[in-house]
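Engineer: Attaching a single structure in structure tokens format; questions to follow.
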Amino acid sequence: MSKPEPKLTLGEKAAIVRLELKGIRRAAAGITHQPDIDRGIERIKSRARRREDDAKKQ
């Protein structure tokens with residue numbers, strides 16, 4: 001079972017869009033293997049999950 005998607009702030013959504021655009025530019029250049037983009041997006045989502053968990057504890 002996967003973790004539920006966290007509620008993202010506007011800044012987090014913008015950061016994900018920036019990473020996605022970076023990936024699109026790389027893909028246009030022929031670079032298809034982009035694990036750093038995937039890790040970056042996952043890092044943003046895990047930060048949002050931690051923020052939600054901390055808010056629930058308070």
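Engineer: What does the charge dipole of the chain about its Cα centre add up to, to the nearest 20 debye, if the Cβ of each Lys and Arg holds +1 and the Cβ of each Asp and Glu holds -1? Intermediate values should be presented prior to the final figure.
Structural biologist: Details: 16 positive and 9 negative charges, 31 e Å.
Taking the Cα centre of the chain as origin, the dipole is about 160 debye.
Engineer: Moving on. Send over a whole-number figure in Å² for the accessible area per residue of the chain, probe 1.4 Å. Walk me through the numbers on the way to the answer.
Structural biologist: On the way: 4790 Å² over 58 residues.
Per-residue accessible area for the chain comes out at 83 Å².
Engineer: Now for a separate question. Mean shadow of the chain, computed from the convex hull of its alpha carbons, in nm²?
Structural biologist: On the way: hull surface 18.9 nm².
Computing the convex hull of the Cα atoms and averaging its projections yields 4.7 nm².
Engineer: Quick one: pull the percent of accessible area on the chain belonging to carbon and sulfur, 1.4 Å probe, ligands and nucleic acids left out.
Structural biologist: Numbers: 2740 of 4790 Å².
Here carbon and sulfur together make up 57 percent of the probe-accessible area.
The values are calculated or read from the model by the stated rules, or taken from the named source; none is laboratory data. All figures in this text were calculated on a predicted structure; none of them were measured in a lab. Quick reminder, even Gly has a Cβ in these numbers, built from the backbone with ideal geometry, and neighbours come from all protein chains shown. Remember, those area values only see protein heavy atoms, side chains included, never the ligands or the DNA or RNA. Shrake-Rupley method; radii C 1.70, N 1.55, O 1.52, S 1.80 Å.
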